[in-house]
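The values are calculated or read from the model by the stated rules, or taken from the named source; none is laboratory data. Computed from a predicted structure; not experimentally measured. Ideal geometry is used to build each Cβ from the backbone, glycine not excepted, and the neighbour counts take in all protein chains shown.
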Amino acid sequence: METLTQSPEETEALAADLAGRLAVGDVVTVSGELGSGKTTFVRGACVALGVRERVTSPTYTIGHRYHGRAVEVSHLDLYRFEGVSPAEWGDLEPYFEDAIAFVEWPEAGEGVLPSPRYAVRLRHAGDGRAVEILEC
Amino acid sequence: MILGIETSCDETAAALVTEEGEIRASVVASQAELHARYGGVVPEVASRRHLELVTPVIRETLGVAGATLDDVDRIAVTQGPGLIGALLVGLAAAKALAWSRRLPLVPVDHLDGHVASLYLQPEPLEPPFLCLLASGGHTMLLDVRSHTERELLGTTLDDAAGEAFDKGARLLGLGYPGGREIDRLAQDGDPAAYAFPVARVPGLDFSFSGLKTALLYAVRDLGEEELAERRADLAASYQHAIVRALVERTQEAARQAGRDRIAIVGGVAANSELRASLPAAIAAPLSLCTDNAAMIASAARWTEPVAYPRYLALDAYASR
């Protein structure tokens, strides 16, 4: 089911709600075109998990690792990837260990990344966003 | 001399720098050409690439300088932030070299490195000054009080300025690197054609994701033909909005910190409108604006070395 949000705050609130259902080891993929609110969504979940660091786009840095209240949170972005080779998986794997992991632009990692527990899809809808959260 | 090694992101780099900050050699094995071929996507974003390159790059650095490892007094290496696997390659190479020669090792923060690019010859800058660090991965305002003290005054809340340029270029159907393409196209456009919003976030922070969305909406509303006609105006207006945000916040930060000198580092420092908008600002040469190892060796001049063999336990960090 899709939920329409009219502001970044509403998108963050949806993410916070999802965060309450996550445990260490869970993977959440976050898809959607440029500017659809992927980083905003991850930020909402991170804040709800007690992350106090700035949650910014990892497009260039590829991976961020944050400290939540009771859990570690990884924030990955495969925007610059074309598939994920075994060598690249070697670099990404540590981010999935002992953490809740959010993956933006997950398409390049299909079949290589661990199966997600939730798949979030965002799209532009008028001036707002349509957010779909699927349990996998 | 100090041997610097940098492998935090896409570039594998090594450099030899003297205690006085003179660069004897600086070698960067860049994937920029590969990027261009793949439209911004890196064929393989992996530490393996650094592993293949790190030894040849160090060897070439020594060769260019006409030096040997006997001339090296200590080894500086980027410890973070960056991709963990990539950082570990540089760190392991640095440890192995330092260990084999019983040299001290200096772990350097990548961001300190960017600031220290300003301390290199031939025109080293003396603190204090206000520094805008703007690249693909970072956008920060730093009050640099001395060679060893800096305070973070503001940072991006979402996208980095360089990332905003690259993603804007992608929305406009331009090539890579996006910053350069937008800069080039903007010369023929009207920066006032579109009023793109500059996000008003509190304090001295930046936000560029709303701007990206505004560009997306503007592009979406145009047909293919219309887009071709308006592309230069869109590029000019978009660039103007990014630069205005950077300039306004930088000047405000300098005012609040009481600094009369402004320096710009990072890849975005190459942008012509940014340079024109901050004419008094000091910018490092372009080769030192983007990732390199000379800046890491430079930072090591003011960073406490770790003595042999204690550094063997050092770990890389993805973020602070």
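Worth pointing out:
- Candidate set from the range B:281-295 (those that are small (Gly, Ala, Ser) and modelled with pLDDT of 95 or more); member that is surrounded by the fewest Cβ atoms within 10 Å (Cβ to Cβ): B:Ala281
- Scanning the range B:139-155 for residues that are within 14 Å of another protein chain (Cβ to nearest Cβ) and buried (at least 24 other Cβ atoms within 10 Å of the Cβ) yields B:Thr139, B:Met140, B:Leu141.
- If only residues of the range B:67-121 that are free of Cβ contacts under 8 Å to residues at least 40 places away in the same chain and of a type outside the set (A, V, I, L, M, F, W, C) are counted, the one that is farthest from the other protein chains (Cβ to nearest Cβ) is B:Asp70.
- Subset tally (residues that are modelled with pLDDT of 95 or more and surrounded by fewer than 20 Cβ atoms within 10 Å (Cβ to Cβ)) for the range A:28-48: 3
- Count - residues of the range B:250-308 that are touching a residue at least 60 places away in the same chain (Cβ under 8 Å) and among the acidic types (Asp, Glu): 3
- Of all residues in the range B:31-55, those satisfying the criterion of being within 14 Å of chain A (Cβ to nearest Cβ) and modelled with pLDDT of 70 or more are B:Val45, B:Ala46, B:Ser47, B:Arg48, B:Arg49, B:His50, B:Leu51, B:Glu52, B:Leu53.
- Within the range A:53-79, the set of residues being farther than 27 Å from A:Thr3 by Cα, of a type outside the set (A, V, I, L, M, F, W, C) and over 14 Å from the mean Cα position of the chain (by Cα) comprises A:Glu53, A:Tyr60, A:Thr61, A:His67, A:Arg69.
- Counted residues, the range A:110-136 - those being β-branched (Val, Ile, Thr) and more than 18 Å from A:Leu18 (Cα to Cα): 1
- Of all the residues in the range B:243-267, those that are out of contact with any strand residue (DSSP E or B) (no Cβ under 9 Å at 6 or more places or on another chain) and buried (at least 22 other Cβ atoms within 10 Å of the Cβ) number 1.
- Residue identified as without any contact (Cβ under 8 Å) to a residue 12 or more places away in the chain and either away from every other protein chain (no Cβ under 11 Å) or part of a helix (DSSP H, G or I) (or both) among B:Leu174, B:Leu222, B:Leu185, B:Leu211: B:Leu222
- For the range A:74-98, a residue qualifies if it is within 11 Å of chain B (Cβ to nearest Cβ) and among the hydrophobic types (A, V, I, L, M, F, W, C), and the qualifying residues are A:Leu76, A:Leu78, A:Phe81, A:Val84, A:Ala87, A:Trp89, A:Leu92.
- Condition broken by A:Gly109, with the remaining ones in (1) in contact (Cβ under 8 Å) with a residue 40 or more places away in the chain; (2) crowded, with 18+ Cβ neighbours inside 10 Å satisfied: (1)
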